[in-house]
Amino acid sequence: MKRIIHSICVGFLLMSAILAPNTVLAHQQKEAYTTILVNERTGNLEIAHRFSIHDAEHVLKQHFGIKADIISSSDTQERFAQYVRLHFAIKASEIDNEMALLTVGHEVEGKYFWVYQEVKLPQKHDVLWVKMNAFQEVWPKQTNHVNFEKGRNIRSARFKKDDEWLALELKK
Amino acid sequence: MKKLVTAGVWACALGLFTSSAWSSAVKQTKGDFEDKFRQLDEVLPTPNDYRNAAGEPGKEYWQQQVDYIIDAKLDEKKRRITANERITYHNNSPYTLKYLWLQLEQNRFKPDSISELTIDFSGTGGRGPSTRAMNDDQPAGISLGKLRRNQFYDDNEIGYTITNVKAQGQDLPFTINSAQMRVDLLKPLKPGETFEFSLDFAFNILEEDAVTDRGGYEHFPDDARKGGNDIFLLAQWFPRLASYSDYEAWHNKEFLGRGEFTLEFGNYDVKMTVPADHIVASTGVLQNENDVLTATQKQRLEKAKNAKRPVFIVTADEALENEKEGTRDTKTWHFKAENVRDFAWASSRKFMWDAKGYHQGGEEQPFVMAMSYYPKEGGDLWKKYSTEAIIHTMDVYSRYTFDYPYPVSISVNGPVGGMEYPMITFNGPRTTWHEDGSRTYTQAEKRFLIGVVIHEVGHNYFPMIINSDERQWTWMDEGLNSFMDGVACREWDPTIPWGVEPRDVTAYMKSDVQVPVMTQSDSVLKLGPNAYTKPAVALNILREVILGRELFDFAFKEYAVRWKNKRPTPSDFFRTMEEASGVDLDWFWRGWFYTTDHVDISVDSVYTLRLDTKNPDIDFKRRRQEEADKPTSLFVERNKEERKRTWVELNKDVSDFYDKNDRFTVTNKERNKYKQFLADLDPWERKAFERAVDEDKNYYVINFSNLGGLVMPILLELEFKNGKKEEMMIPAEIWRRSPKKVSKLIVTDKKQELVSVVVDPHWETADVNNENNHYPPRIIPSRIESYKDEPRKGPVYRDIMHDIKTELKDPEVKEKRK
Ligand SMILES: [Zn+2]
């Protein structure tokens, strides 16, 4: 800290905080993970969203009203799938239309709630345009992490509130 | 200085990326060998007399002490604190100080603070409400939350008013630079000297829901009392001395709202004057029970000391009655706390209050009073679990560290989701209100409350007692504490899925958007997985896989005990864990804390080998069999299918020696050679050779690749033809000379024929890709494929407490016709 190189870096770190200010409480921050998997075996683009159950419950409470319960009511499950559909989208390019994703299902696993979607693998799929803003209208601090995976080739994006479409391009 | 920074900084930033200013002095300049086991010596600071090479406080270790006497008044109507503060600064350092730095965290919210000035309009906007920059589709946007925040700023004066900064009746010169203040001493403060000064301060308490801080007030407009009620959480609420340490001198890196803080230990004597019907929860021990508690309350506290379950000091009914009206009278609560690094408190007329004694035993603090304070909104959820969770935390953490050293341990329900201070924590989970007036909570909320209380109470150990600096290294308290809360939660109820599992962090670790754990808090791209999950997973793996519990727990405890009430840095942790476990862990710290590598070890191939006997009568026969076992040529196969007859078959009368003796025929030439070979062996060689031939073991060479970069032990499950399975661990050091590819020879008894190999069969190492962990290769269905195969019915995350009130209904009968 007191050596020259370090004190310069402190200046740099302060500035980088300008680029990516972020926030956290003394307990862990809210975030969701989405995997978009190129599955050449099945010929599908498979999408698996992972939410913390506790977070999902709170969002549903605020979004659908206090009686919403994602597990016990199949009605709410439908609405949750719809909620995810509305907040997640992919398209092949900036000018293309959003792909019509099929809802595969959802399940509880430990502390996570998973939602699955899929779509037939487009012929060209090296680049995907992705949008993921689930939970963010309720929690501005929510981060949605998206991994676009084809084997070991992985590209990622972290969606902050008000991020619109982000392009993910697999390494050539 | 802060203002001069801008111009030079970008040049520096660019320089950092183009030249490798951070790379080490020792370089591999030919070939691509990477020494993953390179010792950390040149990375860690040079040991000295203040902190030594073992990771222990050195023989000249010192730290400052700061004592506070504060007399504060809470003006409920104005939501304002006014106070007088007397500070005694003990200069235990070997250096003479000409000035003191104070932290003024309430000024962080002032419009001219770095924190406020650096909120990126389209970014996440610091803590709290958000904005949206203009893009092609949409005009620039501003959320209602941001508007509320701005309006709050318009309507309220933010930050401290500081007056009367005096020492011995004389004014002290001081300079305020946003959230920090420098007080110039009248004469230099020499080593060993003490300096007393005082000041008056006041500030308007922020509305937590509008501004999102680590404290503030929460308003309850629906309460029966006209105008509603508030809960006040007071934290970072007084001007405090910045730390001054051997490794950073003044810790005057300004608070930007994320990396929390470190402070000096000291003694606190605090009086708070609040509305007479308020209940105050605070760091420290209440000094004037007789002035502020009723006889009944005192009796109940006495009863709570030995109660099996929490005893109400203020019951739900009493709290409900209390919150119906207010008073103009005030009462002064007086608390004292010894040797703590901070002081926080809460005040409200809404609080119910329960307590239960914890007989910890031991010499230092045999008795601790665990207490919870919460409004009706916390309700039954809190009554059952908050205080019990506090005690459970102390019980578990103390076993892995040291006895809980304070006389009280408190959990308060207010507007803050979760925050820790010495002896007192703020925790957010609540019940859900229903239109029929009842309150219930889901199983997830129950787990969340227990988890948060354990986590925040756990912070007493890290960093309130083991005083690491979150401003610089968030992982040192959040990572260690997340690891420990996982231990404590699993001891609460192992069927509840909490704590961190290696698999929880793989999606993050394989991604290309991350920074090393060893990154200053304000610069971490993603604090959650970086400072909490990844280090917690790393420690879990260190304990369960690499060191084993015995070595790990001993070393971890040693770290805790060494740094109890002292100030450790990352190198002290790394060095202690290594020194006390007696295991070289530099590769582990390097991989998990200094890089963004991930774990992906694949098993590429397995070769079977058999020891030659050298005896031609045996070996040639084997070769012949091996040849026969090879598939025949497709060409020949097809000819056979076409029933083509060969020349040899059609002309059996023509044959010679070679038709009767194939190329594996043994002659005496080979036999003589074999005999000579045996004769030339030394006796010990012959003995070893004969035994090996006799045992005829199986030799397998397994080839592995390290695709993720992070070196880790290879955990193997070997399955044999007879159905038996065997597990083995190859230490990480196998990668030391070849970090990308290694081969391992495995020798088994003749009968143990290997049929398959699995790497990391129990998912213990955070290996991000299971597909390449099997030999023979196996297709691992994707998540969605396996979901489709067998849709799993999830366990319950239902609000059963609410649903159980559902009235039984006759089914709707729908008419059905053919
Ligand atoms: Zn924490």
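The values are calculated or read from the model by the stated rules, or taken from the named source; none is laboratory data. Bear in mind the structure is a predicted one, so any value in this text is a computation, not a measurement. Glycine gets a Cβ as well: all are built from the backbone with ideal geometry, and neighbour counts include every protein chain shown. The protein model used for the area step is the full one, side chains on, heavy atoms only, and it has no ligands, DNA or RNA in it. Shrake-Rupley method; radii C 1.70, N 1.55, O 1.52, S 1.80 Å.
The dipole here belongs to the stretch B:676-752: it is taken about the Cα centre, uses +1 on the Cβ of Lys and Arg and -1 on the Cβ of Asp and Glu, and is about 360 debye. Distance between the pseudo-spin-label points of residue B:724 and residue B:623 (7 Å out from Cα toward the beta carbon): 3.3 nm. If I take R0 = 41 Å and measure r between the Cβ atoms of residue B:298 and residue B:564 in this structure, what FRET efficiency does the formula 1/(1 + (r/R0)^6) give, to the nearest 0.05? With a Förster radius of 41 Å, E is 0.80. Percent of Cα pairs in the stretch B:355-424 per distance bin of 5 Å, from zero to the largest separation: 4, 17, 27, 24, 15, 9, 4, 1.
The charge dipole of the stretch B:245-394, taken about its Cα centre with unit charges on the Cβ atoms of Lys, Arg (+1), Asp and Glu (-1) only, comes to about 540 debye. Across the stretch B:282-323, the volume of the C-alpha convex hull divided among the residues equals 101 Å³ per residue. From the alpha carbon centroid of the stretch B:573-594 to that of the stretch B:466-535 is 17 Å.
Legend: residues A:127, B:545, sorted from most to least accessible area (1.4 Å probe; ligands, DNA and RNA excluded), read A:127, B:545. Which value, in Å² and to the nearest 10, is the accessible area of residue B:399 when all protein chains are kept and the probe is 1.4 Å? Answer for residue B:399: close to 110 Å² accessible.
Shown for the stretch B:358-410: the carbon plus sulfur share of the solvent-accessible area, taken with all protein chains present and a 1.4 angstrom probe, equals 52%. Taking each residue as 0.36 nm, the span from residue B:650 to residue B:166 lengthens on full extension beyond its C-alpha to C-alpha distance by 162.1 nm.
Given a 1.4 Å probe and the protein chains as shown, residue B:699 ends up with an accessible area of around 50 Å². Put a dot 7 Å past the Cα of residue B:41, heading toward its Cβ, do the same for residue B:399, and the two dots end up 4.0 nm apart.
Taking the longest Cα principal axis of chain B as reference, the axis of helix B:668-680 is set at about 50 degrees.
Quote the FRET efficiency, to the nearest 0.05, computed for residue B:630 versus residue B:695 with a Förster distance R0 of 22 Å and r equal to the Cβ-Cβ distance.
Efficiency, rounded to the nearest 0.05: 0.25.
Which residues' amide hydrogens lie under 5 Å from the amide hydrogen of residue B:276, considering only partners 5 or more residues apart or on another chain, with H built in the peptide plane? For residue B:276, whose amide H was placed from the backbone, the distant partners under 5 Å are B:329, B:330, B:331. The eigenvalues of the Cα gyration tensor, multiplied by 5 and square-rooted, give the stretch B:287-377 an equivalent ellipsoid with semi-axes of 24, 18, 13 Å from largest to smallest. With 0.36 nm allotted per residue and the present C-alpha distance subtracted, the residue B:48-residue B:672 stretch has 217.5 nm of extension available. Across peptide A:151-159, the mean count of Cβ atoms from other chains lying within 10 Å of each residue's own Cβ comes to 4. The sum of -39500 (n - 2.57) across all DSSP H runs of n ≥ 4, divided by the residue count of chain B, sets its helix-only mean residue ellipticity at 222 nm to -8000 deg cm²/dmol.
Could you please state, rounded to a whole Å, how far the C-alpha centre of the stretch B:627-641 is from the C-alpha centre of the stretch A:33-55? Here the answer is 46 Å between Cα centres. The label-point distance for residue B:336 and residue B:604, in a model that sets each label 7 Å from Cα toward Cβ, rounds to 7.0 nm. For the chain pair A and B, the interface hides roughly 7200 square angstrom of accessible area in total, found with a 1.4 Å probe. 3J(HN,Hα) couplings calculated from phi for the stretch B:173-180 with the Karplus curve 6.51 cos²θ - 1.76 cosθ + 1.60 (θ = phi - 60°) are, in sequence order, x, 9, 10, 9, 10, 6, 8, 9 Hz; Gly and Pro show x. Computed from point charges on the beta carbon alone (+1 for Lys and Arg, -1 for Asp and Glu), the dipole magnitude for chain B about its Cα centre is near 1460 Debye. A straight line joining the Cα centroids of the stretch B:324-392 and the stretch B:717-771 runs 53 Å. The slack between residue B:60 and residue B:680, meaning 0.36 nm per residue of separation minus the straight C-alpha distance, is 216.4 nm.
The residues of chain B have, on average, 47 Å² of accessible surface per residue, using a 1.4 Å probe with all protein chains present. If R0 is 22 Å, the Cβ-Cβ spacing of residue B:99 and residue B:193 corresponds to a FRET efficiency of close to 0.95. For the stretch B:698-789, averaging the sequence separation of C-alpha pairs within contact (under 8 Å, six or more residues apart) and dividing by the residue count gives a relative contact order of 32 percent. Checking the cross-link pairs B:59/B:566; A:30/A:141; B:534/B:744; B:36/B:741 against a 18 Å limit on the alpha carbon distance flags B:534/B:744 as lying beyond it. What angle do you read, to the nearest 10 degrees and between 0 and 90, between the alpha-carbon axis of helix B:443-458 and the longest principal axis of chain B? Relative to chain B, helix B:443-458 is tipped by roughly 80 degrees. For the stretch B:600-741, the extents of the C-alpha atoms along the principal axes are 68, 51, 31 Å, listed from largest to smallest.
The lysines within cross-link reach of residue A:124, meaning a Cα-to-Cα straight distance under 26 Å and a gap of 8 or more places when in the same chain, are A:91, A:150, A:171, A:172, B:510, B:788. Helix B:683-695: angle to the longest alpha-carbon principal axis of chain B, degrees 0 to 90, nearest 10? Here the helix axis deviates by roughly 80 degrees. Here is the size of chain B from its Cα atoms: Rg then Dmax, 35.1, 130 Å.
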